[in-house]
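Notes for the one structure printed next.
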Amino acid sequence: MSDIDTAKLAALSPFELKDKLIEIASSDAELMMLNAGRGNPNFLATLPRHAFLKMGEFALQEAERSYSYLNSGFGGLPETDGIVGRFEAFANTHNDDKGIGFIRAAIAYVKDQLGLDRAAFLSEAVGAFLGSNYPVPPRMLRHAEEITKAYIAQEMFGKMPRRGDFSLFATEGGTAAMTYIFQTLSVNALVKPGDKVALATPIFSPYLEIPPLPGLDLEVVDIRMDEEDDWQLPQSEIDKLKDPLIKVFCVVNPSNPPSAKLSDASLAKIAKLVDTERKDLIIVTDDVYGTFADDFVSLFASCPRNTLCVYSFSKYFGATGWRLGVIGLHEDNALDDALAALPEETKQILDRRYSSLTTEPRAIRFIDRLVADSRAVALNHTSGLSLPQQLQMTLFALNGLMDINGDYKAAAKRLVRHRFDTLYAHMGISLVRTENDIAYYSLIDLKKLASNLYGDRFSKWFEDNDKATDFLFRLAKETGVVLLPGKGFEVLDPSARVSLANLTEHDYASIGRFTRQVLDEYFAEFQKG
């Protein structure tokens, strides 16, 4: 790639560099460009989508029961009375439809397992599809919240018992959740310019980029995972959290891009520190990949009072375009305690901020302040995730809850893990995954590969001559495949690491073969001196 000046690309963020790679990969009309550097899955859950469409067909039939005499495309709001019977009549004309089977099972499940009223659930779902009302309550529809809470508890708590109830706020994906959390922490003076935010790194790069933004002006403290210990947090790094100037600790678990979950031992170390020395520490755990792990337990379960849980439906259900996420917070939590402990002067400022919502603004919980702040407070009455989005989220949650035998989960895990194994098999490298590895992303350490294959002298030559960046551009130019560089995720030796996800089995095999071929060529160049 002699026509590419890799030195000039050194200052680019990973996503900007990826865009340059995409430009090069797209330049050859003979190649189909494959963006392997983004976490967008190339698989999806079909049954809850079938259910969404069939619910929509029934919802429109219900709406057309009103104003039908106008004969001009008008409909009305469905009636709850008798809705279950009308659905059964509708379903009996579609007995073989997958969506109908799912909805029938869902109606039974919410009654038998969650104690919800069938008619109220079905009425909410029908109204949500039609989208004729503002979200009420604004934070999340009542049945949608109860069902999603059950799903979150199932997936995030693992073998740990629930310690008290929690509330959810439905958001436009996990990225909106991140935005809302930092915004509300700031406007409520729970973080102030000059405070510290600790990040468990490597981490999704926006967590690195948000804290220092003007207006937040937060100092980032690196809490480094140990690659040699399967990307766990050493006690020496956890001990950094004892610093009282660290107000917030952000974790992506399982990690992005290493794709390793925090072990039970790591969770216990963090919980012990919080319980004994940092009862005031605010934890933000982003657990989007937790559903791909075996026996997953979130910090939301092990540190319930201190933790805001961010979960997105994007990866597990193949739903990045739907923008579906939630923020979870336990009823008994350290954030509300921190609000209550604010100085009187600050409370008076916040009284004015939230006075249009209630006569007792100090009683507004942190999670409800998130909702209000998401619409600049004044538009709180129009806040909330759109109703059709909440319906699809509810159906996804039900898909997870009703996966009694774990068939969908097993298939999802098997898919991503076999791709990882295929990649390295075609490099001629034998890697053994540990119990904490989920393999959603395949993190390729080119420098380590070079060392394993041809020794440390070649590995140093590879690094000194910036062959990692050259490799990325060769891959894009010659195969049309774009990988995401490790730079920007606070990965050690970032220039020599790339991650990929969500291609076909054939593509993983091709990338593995190409990687070995190019490393062999570089070694031949190295030998020539």
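The values are calculated or read from the model by the stated rules, or taken from the named source; none is laboratory data. Bear in mind the structure is a predicted one, so any value in this text is a computation, not a measurement. All Cβ positions, glycine included, derive from the backbone under ideal geometry; neighbour counts span all protein chains shown. These area figures cover heavy atoms from the full protein model, side chains too; ligands, DNA and RNA do not enter into them. Shrake-Rupley method; radii C 1.70, N 1.55, O 1.52, S 1.80 Å.
Would you check if there is a residue in segment 355-364 being touching a helix residue (DSSP H, G or I) at 6+ places or on another chain (Cβ under 7 Å) and touching a residue at least 40 places away in the same chain (Cβ under 8 Å)? Spell out the reasoning first.
So in segment 355-364, the residues touching a helix residue (DSSP H, G or I) at 6+ places or on another chain (Cβ under 7 Å) come out as 355, 357, 361-362, 364.
Remaining after also requiring touching a residue at least 40 places away in the same chain (Cβ under 8 Å): none.
No, every residue in segment 355-364 fails to be touching a helix residue (DSSP H, G or I) at 6+ places or on another chain (Cβ under 7 Å) and touching a residue at least 40 places away in the same chain (Cβ under 8 Å).
I need the helices (runs of 4 or more DSSP H) fully contained in segment 285-356, keeping only those with at least 1 residues that are closer than 16 Å to Val251 by Cα.
299-302
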Give me the pairs: first residue in segment 229-256 and at positive phi, second residue in a strand (DSSP E or B), beta-carbon distance under 8 Å, and six or more apart or on different chains, which are they? Asp230/Ala260; Asp230/Asp437; Trp231/Ala260
Tally up the residues in segment 422-436 that are hydroxyl-bearing (Ser, Thr, Tyr), in contact with a helix residue (DSSP H, G or I) (Cβ under 8 Å, 6 or more places away or on another chain) and either farther than 17 Å from Ala509 by Cα or open to solvent by 40 Å² or more (accessible area, probe 1.4 Å) (or both), please. 1
Could you tell me which numbered condition Ser259 fails, if it satisfies all but one of (1) more than 24 Å from Phe366 (Cα to Cα); (2) touching a residue at least 24 places away in the same chain (Cβ under 8 Å); (3) surrounded by fewer than 24 Cβ atoms within 10 Å (Cβ to Cβ)? (3)
Could you say whether any residue in segment 397-417 is polar (S, T, N, Q) and more than 30 Å from Leu281 (Cβ to Cβ)? yes
So, of the residues in segment 412-436 that are among the aliphatic types (A, V, I, L, M) and not in a loop (DSSP other than H, G, I, E, B), which turns out to be farthest from Gly400 (Cα to Cα)? Ala425
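Residue under question is Arg419, and the condition is that it be open to solvent by less than 30 Å² (accessible area, probe 1.4 Å), at pLDDT 90 or above and of a type in the set (Lys, Arg); does it hold?
Spelling it out, Arg419 is indeed open to solvent by less than 30 Å² (accessible area, probe 1.4 Å), at pLDDT 90 or above and of a type in the set (Lys, Arg).
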Here's a check for you: in segment 81-133, which residue that is among the β-branched types (Val, Ile, Thr) and assigned to a helix (DSSP H, G or I) is most open to solvent (accessible area, probe 1.4 Å)? Val84
